[in-house]
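*Asks:* Pasting in a structure now, in structure tokens, and then I'll have a few things to ask.
Just so you know, all these numbers are worked out from the coordinates, no wet-lab data involved. The model shown is predicted, which means the values in this text are computed figures rather than measured ones. Counting neighbours? That spans all protein chains shown, and the Cβs are built from the backbone with ideal geometry, glycine included.
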Amino acid sequence: MNPTIRALTDDERRALAAARLVAVESAPYLAHALFTARPVAAEGLATFAVDRHWRLYVDPVTLTEWGPVVAGAVLVHEVCHLVRDHAGRAESLPGPVDHTRWNYATDAAINDDLLAAGLPLPEWVVTPAALGMDEGGVEEVYYGVLTPEPPQTEVGCGSGAGDPVQDWEPGLDDPQTPGLDDGQVTITRRKVAHDVRDAIAQGRGTVPAGMARWASDELRAPSVPWRKVLAGMVRRTAALTAGRITYTYTRPGRRRLPQIVTPAMRAPRVTAAVVVDTSGSMTKADLDTALAEVSGVLKAVGGTVRVIACDAAAASARHVRNARDVQLIGGGGTDMRVGITAAEALKPTPDVTVVLTDGDTPWPDSPGRSRLIAVLTREHGMSRVPAWARAIHVPTG
Ligand SMILES: [Zn+2]
């Protein structure tokens with residue numbers, strides 16, 4: 001039976017606030033996430049769960065039964081699913097996702113950490129030991145070790161933990177219970193990663209090992225979902241270029257009808273060139289951010305990317321397999337137009353040219369031969385990016 005979703009009453013809100021206080025006390029580095037998640041009442045859910053828009057579903061009856069101490073520990077557990085992006089990581093697993101197995105793997109990784117930090121989780125929670133696995137492992141490793149599970153009909157920890165999206169989940173912009181959009185989620189996650197890093201540096205409280213490892217990965221990780229962005233750009237280009245879309249029958253389409261296999265559309269391989277702004281105005285933080293995005297582009301295209309360092313002049317393009325190999329030469333004035341022209345002169349012409357800059361640059365007047373994605377570390381430059389290009393703001397944190 002589907003739970004009934006509604007806003008919390010004042011009494012429920014107060015009860016949840018008490019639980020959240022317990023949660024913040026036991027995991028202060030998660031305070032920002034605990035206060036950013038959007039609590040919603042889910043009558044009949046019989047537990048807590050989260051969705052991919054950072055709604056926190058709370059069954060009011062369960063909240064009362066558990067009391068603030070246990071409810072607080074479960075809040076930390078649920079928020080860990082969100083912070084550690086178990087929804088996004090489920091999508092990167094090889095093959096069709098075994099949701100039940102992924103839920104066990106992520107629960108084991110979280111609870112391992114939380115029990116080590118002394119949180120009073122209910123006795124029945126999933127732990128690595130209970131599943132016969134070593135402690136201190138990462139989610140994907142646990143997933144690989146666990147045996148496949150038959151699909152489970154009940155909700156685990158929700159779509160925010162990597163479960164399928166439920167039909168009772170409100171849409172992103174639901175007026176009564178609005179969720180967080182992808183941009184807000186990315187920024188929240190980064191802030192938490194910084195809080196975790198600061199907590200470790202200052203020796204405040206005990207930061208569990210898994211949480212510390214997550215934070216250092218997160219701070220190195222690109223902000224832009226490159227696979228999605230590049231595929232979207234190329235699909236649009238392909239639609240304009242007759243004959244570029246290839247159909248294949250090897251992978252069933254998403255909307256599969258019984259007995260009928262519809263062709264899945266496979267996006268053509270993306271070739272990308274990256275122009276990195278190396279002018280004097282780029283700070284170390286700007287360059288670190290740029291390199292994190294270069295590694296994201298590399299991962300998305302799965303091979304090499306041609307990278308051009310550019311200040312007011314463009315250096316020659318280099319084939320790069322790893323972001324570490326990017327040579328950041330420059331230090332002068334800024335004109336990304338020069339780098340874009342150099343990128344478009346490459347053979348073969350890249351489908352997409354990605355410019356990583358602080359934004360203090362002139363832009364070309366008209367589109368060139370490849371699609372332009374401008375990734376800016378400063379927000380004020382966004383309005384100057386031409387309308388025909390795609391502009392993405394990535395804060396340096
Ligand atoms: Zn869970």
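*Asks:* What list of ³J(HN,Hα) values in whole Hz, one per residue of the range 23-34 in order, does the Karplus curve 6.51 cos²θ - 1.76 cosθ + 1.60 (θ = phi - 60°) give from phi, with Gly and Pro shown as x?
*Replies:* Running phi through 6.51 cos²θ - 1.76 cosθ + 1.60 with θ = phi - 60° gives 5, 5, 5, 7, 9, x, 5, 9, 3, 4, 5, 5 Hz.
*Asks:* Given H placed on each backbone N at 1.01 Å, which residues far from residue 374 in sequence or on other chains put an amide H within less than 5 Å of it?
*Replies:* When sequence neighbours closer than 5 places are left aside, the close amide H contacts are 355, 390, 391, 392.
*Asks:* Please enumerate, by chain and number, the aspartates and glutamates with C-alpha under 18 Å from the C-alpha of residue 228, excluding those fewer than 8 residues away in the same chain.
*Replies:* Candidates past the 8-residue exclusion: 85, 91, 181, 182, 293, 351.
*Asks:* Evaluate Rg over Rh across the chain, taking Cα atoms for both radii and Kirkwood's formula for Rh.
*Replies:* Here the Rg-to-Rh quotient is 1.00.
*Asks:* Now for a separate question. Treating the beta-carbon of each Lys and Arg as +1 and of each Asp and Glu as -1, no other charges, what is the dipole magnitude of the range 1-60 about its Cα centre, to the nearest 20 debye?
*Replies:* Dipole size: approximately 200 debye.
*Asks:* Evaluate the charge dipole of the chain about its Cα centre and quote only its size in Debye, nearest 20, assuming +1 on the Cβ of each Lys and Arg and -1 on the Cβ of each Asp and Glu.
*Replies:* 2000
*Asks:* Trypsin sites (Lys or Arg not before Pro) within the range 349-397: which are DSSP loop residues with at most 15 other Cβ atoms inside 10 Å?
*Replies:* 369
*Asks:* Can you work out ³J(HN,Hα) from phi for every residue in the range 274-288, in order, using Karplus 6.51 cos²θ - 1.76 cosθ + 1.60 and θ = phi - 60°, giving whole Hz and x for Gly and Pro?
*Replies:* Working through the residues one at a time gives 10, 10, 9, 5, 10, 6, x, 7, 6, 7, 4, 4, 4, 5, 4 Hz.
*Asks:* Further, regarding this structure: Can you compute 3J(HN,Hα) from phi for each residue in the range 173-182, using the Karplus curve 6.51 cos²θ - 1.76 cosθ + 1.60 with θ = phi - 60°, rounded to whole Hz and x for Gly and Pro?
*Replies:* Result, rounded to whole Hz: 9, 3, x, 6, 9, x, x, 9, 7, 4.
*Asks:* Sticking with this structure for a sec: For the chain, take the longest principal axis of its alpha carbons; what is the angle in degrees between that and the long axis of helix 226-240, to the nearest 10 within 0 to 90?
*Replies:* For 226-240 against the chain, the angle is about 50 degrees.
*Asks:* May I pose another question? By a straight-distance test (C-alpha under 12 Å), which aspartates and glutamates pair with residue 191 as possible cross-link partners, with residues fewer than eight away in the same chain excluded?
*Replies:* The reachable aspartates and glutamates, counting only those whose Cα sits under 12 Å from residue 191, are 218.
*Asks:* Treat every Asp and Glu Cβ in the range 4-220 as -1 and every Lys and Arg Cβ as +1, leave all other atoms uncharged, and give the resulting dipole magnitude about the Cα centre to the nearest 20 debye.
*Replies:* It works out to roughly 740 debye.
*Asks:* Could the peptides 334-347, 126-139 be put in order, highest first, of the mean number of other beta-carbon atoms found within 10 Å of their residues?
*Replies:* Descending mean neighbour count gives 334-347, 126-139.
*Asks:* Further question: What are the semi-axes of the equivalent ellipsoid of the range 4-220, taken as the square roots of 5 times the eigenvalues of the Cα gyration tensor, listed largest first and rounded to whole Å?
*Replies:* The three semi-axes for the range 4-220 are 23, 21, 18 Å.
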